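The values are calculated or read from the model by the stated rules, or taken from the named source; none is laboratory data. Worth saying up front: this structure is predicted, and the values here are computed from it rather than measured. Quick reminder, even Gly has a Cβ in these numbers, built from the backbone with ideal geometry, and neighbours come from all protein chains shown. SASA here: full protein model, heavy atoms, side chains in, ligands and nucleic acids out. Shrake-Rupley method; radii C 1.70, N 1.55, O 1.52, S 1.80 Å.
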Amino acid sequence: MELDEPQIPERGSWTKVRSMVTSLAKIPLLLGFLYLFVCSLDILSSAFQLAGGKVAGDIFKDNAILSNPVAGLVVGILVTVLVQSSSTSTSIIVSMVSSGLLEVRSVTPIIMGSNIGTSVTNTIVALMQAGDRDEFKRAFAGATVHDCFNWLSVLVLLPLEVATGYLNYITGLVVGTFKIQSGQDAPALLSVITEPLTKVIIQLDKTVITGIATGNEGFRNKSLIKIFCQEKVPQVLFNTSLKGLQHCNISGLCWQNGNIATSGDNNSVLEGAERCNHLFVNSHLPDLAVGLILLAGSLVTLCTCLVSLVKILNSVLKGQVAKAIKKVINTDFPYPFTWVTGYLAMVVGAGMTFIVQSSSVFTSAITPLIGIGVISIERAYPLTLGSNIGTTTTAILAALTSPGDKLTNAFQIALCHFFFNISGILLWYPLPFTRLPIQMAKTLGRRTAKYRWFAVLYLTICFLLLPSLIFAISMAGWKVLVGVGAPFVGLLLFLGAVNLLQVYNPQWLPIRLQTWDFLPIWMHSLKPMDRMITSASLCCIDHQTCSKKNEDRDSVLGDERSPMDKAKMAFDNPSISYVEELSLSLQSLRQCNTQKTTHL
């Protein structure tokens, strides 16, 4: 026994060392997957541009439609969804305004639409966490809080802008008051890090989309895949005779030979061009085929990296560490400075987005953290609002680098984007009862946790079908748009008001309207559609076997596995994901036992 006693602490210390080394080894692995995750987002954007970039240019080309503010809003949504980049759609808008095709006031709705379209990326990322209902509920709510904020802001600010033109007026005052001079490029920290990998895969010539949008038919048959990347431009010295040294160019070399002064200037002569060095430079495939290949590859990489990130985060952030991090991130300042916390989160979100130059990257990166419970939806909301501000400041700095003839318009458009987001924050954040996007996102999260297919339906309707339908109607003119849209908007407002009264003051409604039970079930419930989709999916496999398994599971576990069972079985990270639900289950169990004791 005496010989065995010294070996026990040695084994214990060795276990601790091995655990520490394993945890440290996970950090570079985590950074590696995060790097691949960001690169896959960049490739995803390139894939969408290859598949739909020329279509986006054609959409922008019809100036008569863009003069309609509703159509302009929808165009901004569709184009940004097609190219997966609000900066690309904004650059097209700047080019069209600078060339005189559009006015600044008419493109403001397009800017609003691009703000909505750019939020689709993190919603797609949230779909990757659909494997667990609770994680999916939180992740989808955290992603769609961005959508809800943008949609609500547009519903209020678009009619206000059409009626008063306040964004055009404010930005015009700012541009006219300050003497705007050309600045420096915005920081390119993220592109410097990701370009070594993404440039090897694909490089695009984004001027093709802009050329098609501005009506240059020479770009119609040109591929977006960049073939020639670097031009050889040697410097050649030319000697010029001058009347005197006083006429010499300051940048050149001057000397005098007798009565004749000679100036030597360096002039560039284009000698040739070097081919790019990426995977598809010699593929000879059409843009659509390359886009679909990159789309499939980037989605697979995105999904793999996201799942790996969640697993590693759950293993690294566990126990007391998880609780401490969660408490620090989600805790407010003490009273009376509680209100400062949200605005500090906005500053953090704006700063991080300014560094990475992409709101999509930032919001997509925090979506997994929301899913596993590290960041609450209440804290994610101001972070997302700050991200909206951060992406506009980057656009402002980028606008300052525009040529002199484009500088004023580019800067005013960037300011329209900035003040639109500021106006939205003033509407939906300062007062707690105005933070409707949080409640809307939580409702969507609960709905998608119960019916996971609803997430795909939501994405398809909000970012594709509804904008396409409105765009098609707007092509028929104002009268048709108002004739169809006014009754539809009125019906939505009526349904929203009735739903609110049903929850808070049902006695104010007629008895028949206090519930929707008088309607057919398919009009107020997703259960019939859920049964239909479930039956359709089971047709691909053994229907009877799967039905029997589902019945056996439901008879034992009910509709979903309880939080207590999840905690016992150590699903992913119970210390983060299910601690609150476990406590609620225990509290309900105690109440149930108390009621039974009272009856006895």
Contour minus Cα-Cα span, D517 to A486, at 0.36 nm per residue, comes to 8.5 nm
Whole-percent carbon and sulfur contribution to the accessible surface of region 404-451 (1.4 Å, no ligands, DNA or RNA) stands at 64
Accessible-area order for L294, L493, largest to smallest, probe 1.4 angstrom, reads L493, L294
Under the 7 Å Cα-to-Cβ spin-label approximation, V200 and A536 lie apart by a distance in nanometres of 4.2
Between L427 and A296, Cβ-based FRET efficiency (R0 45 Å, step 0.05) works out to 0.65
So the FRET efficiency between W478 and S23, C-beta based with R0 = 60 Å and rounded to 0.05, is 0.45
With the charge dipole of region 380-464 built from beta-carbon charges (+1 for Lys and Arg, -1 for Asp and Glu) about the Cα centre, the Cα from L385, F418, L459 projecting farthest to the positive end belongs to L459
Dipole check, region 12-141, charges on Cβ (K,R +1; D,E -1), about Cα centroid: among S91, V107, G117 the Cα furthest to the positive pole belongs to G117
Between L204 and residues 5 or more places away or on another chain, the pairs with built amide H atoms under 5 Å apart involve K226
With all protein chains in place and a 1.4 Å probe, D132 shows an accessible area in Å² (nearest 10) of 20
Going through K54/K479; K26/K137; K199/K311; K54/K226; K137/K311 one by one, the pairs whose alpha carbons sit over 20 Å apart turn out to be K54/K479; K26/K137; K199/K311
Residue-ordered couplings for region 163-178, obtained by feeding phi - 60° into the Karplus form 6.51 cos²θ - 1.76 cosθ + 1.60 and rounding to whole Hz (Gly and Pro as x), are 6, 10, x, 5, 5, 5, 5, 5, 5, x, 5, 5, 5, x, 6, 8
The farthest towards the positive end of the charge dipole of region 404-484, of the residues Q439, N409, L427, given +1 on Cβ of Lys and Arg and -1 on Cβ of Asp and Glu, is Q439
Both in Å, the radius of gyration and Dmax of the C-alpha trace of region 84-163 are 16.1, 52
